[in-house]
Amino acid sequence: MTALSELTLADLDLFEGGAPWHIFDKLRAEAPIHWNTEEKPNSGFWSVTGYHDIVKVLRDPDTFTSTHFTNLEEVDAEQEEARRSLLETDGARHRALRRLLQGQFTPQAVSGYETFLRGLTATTLDTAFAKGTFDFVEEVAADFPIRVLARMLDVPDHDTNKLIEWGNRMIGNTDPEHADVLLEDPESEKYRLVPFRSPAALEVFEYGQNLANQRRGKDGVDLVSTLINQVPSDGIPLSERDFNTYFLLLVVAGNETDGNAAGRPNTNSMGS
Ligand code: HEM
């Protein structure tokens, strides 16, 4: 097991076989607040792994702000302003933006999708099983969540593979298997003002804007129609940047997370 002094969660090899739960156990037991070193140009970060400490951090945005961004890439003030989404917003504005769509994620609202979800589960599994042997991640875990999100965004089924591919190109921006422009590649400098420093973000923005133009002023009830036709409770309408980064957050947050939770077997139980 790696010595605590050398342990850093910035080491992606730790996550090679899935979530390294034994490492989180070690951190909780020996260093619930731990300094993680990083290679230049990054400057390192604290990891908080104890439940009660995490709750304290989440409930104290004045001390622990999300406004300086939430992923490992370090961004400057200009990038923060250009790329800010709901996730990187605190306080009253955060609550107003979140309240805009919150009603569509309540247990009651989601239960409205039950028939659709049961049908989708049946067709997704039937299609996969009909193949005899199949890749569970590709056929089920990656496919299922995006079809649910596509329904909530009211986008056509034939666009779901595009949404998956965009998500992979952005979240996988350090992985040559997925990224068309790697995060550390000098060429990514062209995209420093868009999320994930990825050209995929511009394609998602364009796609979202086309949907918004089709639904502006109409009475749709999908997530895009709500974002484009309603004003947050603080009375400040969404700017074009707000809409673009909110739409992109939904495409990424609602796809990659579920797909990973459903599909990635956790093989990393043994110490590294
Ligand atoms: C296994 C599934 C999922 C996991 C583990 C997960 C995890 C997370 C985490 C850790 C955050 C950050 C919270 C913070 O920094 O305060 C977050 C935020 C968010 N997630 Fe998820 N998520 C999942 C599924 C989804 C789905 C299906 C959607 C939407 C379709 C979604 C939409 C969002 C949004 C919009 C935010 C920003 C919320 C805010 O800032 O208030 N997530 N999620």
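The values are calculated or read from the model by the stated rules, or taken from the named source; none is laboratory data. All values derive from a computational prediction rather than experimental measurement. No Cβ is skipped: glycine too gets one built from the backbone with ideal geometry, and neighbour counts run over all protein chains shown. The area values use the complete protein model at the heavy-atom level, side chains included, leaving out ligands, DNA and RNA. Shrake-Rupley method; radii C 1.70, N 1.55, O 1.52, S 1.80 Å.
Taken together, 203, 187 contain a single residue that is free of Cβ contacts under 8 Å to residues at least 60 places away in the same chain, surrounded by 14 or more Cβ atoms within 10 Å (Cβ to Cβ) and acidic (Asp, Glu), which is 203.
In the range 72-85 there is at least one residue that is more than 21 Å from residue 244 (Cα to Cα) and not charged (D, E, K, R). Any residue at all in the range 207-215 that's within 15 Å of the ligand (Cβ to nearest atom), at pLDDT below 95 and surrounded by 13 or more Cβ atoms within 10 Å (Cβ to Cβ)? The answer is no, given that none of the residues of the range 207-215 is within 15 Å of the ligand (Cβ to nearest atom), at pLDDT below 95 and surrounded by 13 or more Cβ atoms within 10 Å (Cβ to Cβ). Checking the condition closer than 30 Å to residue 126 by Cβ, over 15 Å from the mean Cα position of the chain (by Cα) and not small (Gly, Ala, Ser), which residue from 218, 162 passes? None of the others qualify; the one that does is 162. Restricting attention to the range 33-52 and to residues that are closer than 30 Å to residue 263 by Cβ and free of Cβ contacts under 8 Å to residues at least 24 places away in the same chain, the residue that is least open to solvent (accessible area, probe 1.4 Å) turns out to be 50.
So which residues in the range 232-272 are assigned to a helix (DSSP H, G or I), of a type outside the set (Val, Ile, Thr) and modelled with pLDDT of 95 or more, if there are any at all? Break it down into steps so the answer makes sense when it comes.
Narrowing the range 232-272 to residues assigned to a helix (DSSP H, G or I): 240-253, 256-263.
Now drop any that are not of a type outside the set (Val, Ile, Thr), which leaves 240-244, 246-250, 253, 256, 258-263.
Once the filter is applied, which keeps residues that are assigned to a helix (DSSP H, G or I), of a type outside the set (Val, Ile, Thr) and modelled with pLDDT of 95 or more, the range 232-272 yields 240, 241, 242, 243, 244, 246, 247, 248, 249, 250.
Selection within the range 222-232: residues that are more than 30 Å from residue 72 (Cβ to Cβ) and touching a residue at least 40 places away in the same chain (Cβ under 8 Å). The member of this set that is surrounded by the most Cβ atoms within 10 Å (Cβ to Cβ) is 225. Of all residues in the range 75-91, those satisfying the criterion of being free of Cβ contacts under 8 Å to residues at least 60 places away in the same chain, outside any loop (DSSP other than H, G, I, E, B) and within 12 Å of the ligand (Cβ to nearest atom) are 88, 91.
Residue-by-condition table, conditions (1) away from the ligand (no atom under 14 Å from the Cβ); (2) in contact with a Lys or Arg (Cβ under 9 Å, 6 or more places away or on another chain):
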| site | (1), (2) |
| --- | --- |
| 33 | yes, no |
| 48 | no, yes |
| 93 | no, no |
| 119 | yes, no |
| 125 | yes, no |
| 137 | yes, yes |
| 144 | no, no |
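Residue selection: residue 129 satisfies the criterion of being over 18 Å from residue 72 (Cβ atoms), assigned to a helix (DSSP H, G or I) and away from the ligand (no atom under 16 Å from the Cβ). Quick test of your reading of the structure: residue 122 fulfils all but one of (1) part of a helix (DSSP H, G or I); (2) exposed (fewer than 13 other Cβ atoms within 10 Å of the Cβ); (3) of a type outside the set (Ser, Thr, Tyr); (4) touching a residue at least 12 places away in the same chain (Cβ under 8 Å). Name the failing condition by number. Every listed condition holds for residue 122 apart from (4). The listed residues are 72, 101, and the only one of them that is within 15 Å of the ligand (Cβ to nearest atom), in contact (Cβ under 8 Å) with a residue 60 or more places away in the chain, surrounded by 13 or more Cβ atoms within 10 Å (Cβ to Cβ) and not in a loop (DSSP other than H, G, I, E, B) turns out to be 101.
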